[in-house]
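A quick write-up on the structure given underneath.
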Ligand SMILES: *[C@@H]1O[C@H](CO)[C@@H](O)[C@H](O)[C@H]1NC(C)=O
């Protein structure tokens, strides 16, 4: 009985701790420390792929992720600055700000915006 109470307490405490850290991150943008993180690169690749699917001309190829931030909302918002090259002319590169909303638990991922920014 006592051990049951104890494990219940541990569970309750972990839930409280987890929600506290989610609370802290809610709404606020957190700088991505490592932009070469495979997950971040995957999000950037997704954004470029979606962009290419929507644009028949002007296909792009991801060069690198310059920087990024994440925000926890009703999913995880990724706001990244990516460097991408013109697929037909790899020497022509520009920076783009992309926003992707990722909901891994719902297997959902959407490109919210893809905007060219000044290099
Ligand atoms: C960033 O992530 C990559 C890929 O996981 C890893 O190889 C690299 O060491 C990381 N860099 C830092 C500074 O943590």
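The values are calculated or read from the model by the stated rules, or taken from the named source; none is laboratory data. Given the structure is predicted, the values throughout are model-derived calculations rather than measurements. Here Cβ is always computed from backbone atoms with ideal geometry, including for glycine, and neighbour counts include all displayed protein chains.
Number of residues in the range 65-106 that are within 17 Å of the chain's Cα centre (by Cα), surrounded by fewer than 17 Cβ atoms within 10 Å (Cβ to Cβ) and at pLDDT below 95: the value is 5.
Considering only the range 59-89, state which residues are touching a strand residue (DSSP E or B) at 6+ places or on another chain (Cβ under 7 Å), away from the ligand (no atom under 16 Å from the Cβ) and more than 19 Å from residue 112 (Cα to Cα). Correct list: 63, 85, 86, 87.
Contact map, the range 22-36: first residue farther than 10 Å from residue 70 by Cα and modelled with pLDDT of 65 or more, second residue more than 13 Å from the ligand (Cβ to nearest atom) and in a helix (DSSP H, G or I), Cβ cut-off under 9 Å, separation 6 or more or different chains; pairs are 35/44. Before we move on, is residue 90 assigned to a strand (DSSP E or B) and over 23 Å from residue 29 (Cβ atoms)? Answer is yes for this residue.
Is the range 43-53 home to any residue that is in a strand (DSSP E or B) and either at positive phi or crowded, with 17+ Cβ neighbours inside 10 Å (or both)? Scanning the range 43-53 turns up no residue that is in a strand (DSSP E or B) and either at positive phi or crowded, with 17+ Cβ neighbours inside 10 Å (or both).
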